[in-house]
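This report refers to the structure that appears directly beneath it.
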Amino acid sequence: MYSFKFQNPTKIIFGKGMIAELSKEIPRDKKILVTFGGGSVRKNGVYDQVVAALKNHTFVEFWGIEPNPKYETLMQAVELGRKENIDFILAVGGGSVVDGSKFIAAAICYNGEPWDLIQKRIKVEKTIPLGTVITLPATGSEMNCGAVISRKSTMEKLVLSTPLNYPKFSVLDPEVTFSLPKTQVAAGLIDTFIHTMEQYLTYPVDAKLMDRWAEGILQTVVEISPRVMDIRPDYDSMANYMLTATMALNDFIAMGVPQDWATHMIGHEITAFHELTHGYTLAIVFPQLLRVMKDEKREKILQYGARVWGITLGDPDDRIESTILRTEDFFRSLGVKTKLSDYGIGEDTINKIVARFEMRGTVLGENKTITPDKVEKILRLAL
Ligand code: NZQ
Ligand code: ZN
């Protein structure tokens, strides 16, 4: 097992009716910027609960943070936040609203061009404190310090990460998930699954607890998926879904293990060019990445196949292919397609992604062996 440091300061407030707790979590003397997406929270009662909880607080609202949150939109919130002198941000929405709010939190405090914090990786020295009410279990953004921000004008999608952006608290009320479209639930389940894989499916370092923990998350996703995809899911299934998504990307399963993240980095480029939903891009890339990288990942693919899918018999190479097929079948069972062509995406996009990685000198994967030519192989298999 590798040496590591671990600290996750986010307080989780979990359960039915917990949005009311906001009144106690945010100090009364704060001026709050409350951020929202496109309006789902108006229809499912979340907005009313937030406003009721904040009735003795001072706040201004910013609406319209879109999926794959855009720098251009977020800069309007930065302007509002500065003008109103806000000193707390409450993000109410899915991963995009939370990620966008993390960018706003850093950008308000930065005197230069805020995009440089992302593109030039300038160290973030200060942020506005942030809390969240997460409405879509998927990204783990409610309990991690990352944010993925897109820029419309250049079609880029890049990561901002600073320990200053761990939310102070996050409210997880499973009831808010009942209004989710099944397409988003499917994408959220796949996102949770692949977050786990990025920290698990690398090479063995004898991290026994981390392996079992990751496998526990994968098995839970598989077990709960029929219930959470049901037309009328029950509270406990959604509660399990919500906690599982948070636990897949809040640093816990990363203790002492190598990490990959190539599926995500390639997926982000597909979204950058086509606005394809994040979880869908992962379902396209991951199976083909396993095929191309199967020699380096051999031991862990066999372990994953055995422990998650019960694939234990036969020649190891056949077991590896059966495990990949089983994984693809799982994604398809959620109604999610696994090929670029299913979305009308073709060779020209592959060429653009490969050229971009070449220009940036990007090498991916736990061994930094996923060079642009391997990315091309992966994407061609996914055509
Ligand atoms: O905007 P509204 O109207 O709220 O509707 C949203 C949006 O259209 C809707 N929605 C959210 N909660 C709902 C709901 N509809 C009904 N009922 C609810 N309870 O769902 C749509 C998608 O929302 P979005 O926030 O975009 O989805 P998600 O949470 O999957 O976030 C995706 C973004 O997070 C990034 C992705 O790249 C993408 O930009 N990621 C962030 C990560 C992180 N911060 O650690 C890690 C991930 O790997 C990921 O890259
Ligand atoms: Zn993800």
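What follows draws every value from the coordinates through simple rules; no lab data is involved. Remember, it's a predicted structure, so these values are computed and weren't measured experimentally. FYI the Cβ positions are ideal-geometry reconstructions off the backbone, even for glycines, and counts take in every protein chain you see.
Under a GNM of the chain (C-alpha, springs under 10 Å), which listed residue has the highest mean-square fluctuation: M238, M359, M255?
M359
Which order do F286, F14 fall in if you start with the one that has the fewest other Cβ atoms within 10 Å?
Numbers: F286 29, F14 14.
Listed from fewest to most nearby Cβ atoms, that is F14, F286.
For the chain, calculate the relative contact order in percent as a whole number, restricting contacts to Cα pairs under 8 Å that are 6 or more residues apart.
Values: 699 pairs, mean separation 59.4, N = 383.
Contact order relative to length: 16 percent.
Under 12 Å Cα to Cα from K208, which aspartates and glutamates show up? Leave out anything in the same chain fewer than 8 places away.
Cross-link targets: none qualify.
Neighbouring Cβ atoms within 10 Å as the yardstick, rank F169, F252 fewest first. Let's see the in-between values first.
Values: F169 22, F252 17.
With the fewest neighbours first, F169, F252 line up as F252, F169.
For K300, list the aspartates and glutamates whose Cα falls under 16 Å from its own Cα; do not include residues on the same chain fewer than 8 positions away.
E198, D206, D211, E215, D260, D315, D317, D318, E321, E366
Can you give me the Rg/Rh ratio for the stretch 11-176, using Cα atoms for both radii and the Kirkwood formula for Rh? Don't skip to the answer; put the middle values down first.
Numbers: Rg = 14.6 Å, Rh = 15.5 Å.
Answer for the stretch 11-176: 0.94.
Among all the aspartates and glutamates, which ones have a C-alpha under 19 Å from K16's C-alpha, if same-chain residues fewer than 8 places away are not counted?
E25, D48, E142, D173, E175, D234, D236
What number, rounded to the nearest 500 deg cm²/dmol, is the helix-based mean residue ellipticity at 222 nm of the chain, given -39500 (n - 2.57) per DSSP H run of at least four residues and division by all its residues? It would help to have the intermediate numbers written out before the result.
Values: 15 runs with 184 residues, N = 383.
Estimated from H runs of four or more residues: -15000 deg cm²/dmol.
Please report, in Å, the Rg and the Dmax of the stretch 147-187, where both are computed over Cα atoms only.
Every Cα atom of the stretch 147-187 included, Rg and Dmax give 14.9, 38 Å.
Quick check: the distance between the Cα centres of the stretch 345-383 and the stretch 76-123, to the nearest angstrom?
Cα centroid to Cα centroid, the span is 30 Å.
Output the antiparallel fraction of DSSP beta bridges having both residues in the chain, as a percent to the nearest 5. List each step's numbers first, then the result.
Values: 7 of 30 bridges.
So the antiparallel bridges in the chain amount to around 25 percent.
Going from the alpha-carbon gyration tensor of the chain, what semi-axes, largest first and in whole Å, does one get by taking the root of 5 times each eigenvalue?
Square roots of five times the eigenvalues give 34, 24, 19 Å.
Relative to the longest principal axis of the chain, what angle (0 to 90°, nearest 10) does the C-alpha long axis of helix 182-200 take?
Here the helix axis deviates by roughly 70 degrees.
Do any of K297/K368; K24/K70; K294/K339; K31/K152 go past 21 Å between their Cα atoms, and which? Don't skip to the end; give the middle numbers.
Details: K297/K368 13 Å; K24/K70 31 Å; K294/K339 19 Å; K31/K152 30 Å.
The pairs that break the limit, which is 21 Å between Cα atoms, are K24/K70; K31/K152.
Would you mind classifying the stretch 213-342 by shape? Square roots of the alpha carbon gyration tensor eigenvalues, ordered a ≥ b ≥ c; an a/c under 1.5 is rounded, otherwise it is prolate if a/b is larger than b/c and oblate if not. If you can, show how the numbers build up before the last one.
On the way: a/c = 1.36, a/b = 1.14, b/c = 1.20.
Rounded.
Using the 10 angstrom Cβ neighbour count as an exposure proxy, how do I231, I122, I65 rank, fewest first? Mind dumping the intermediate values first?
Details: I231 5, I122 15, I65 27.
Arranged by neighbour count, lowest to highest, I231, I122, I65 become I231, I122, I65.
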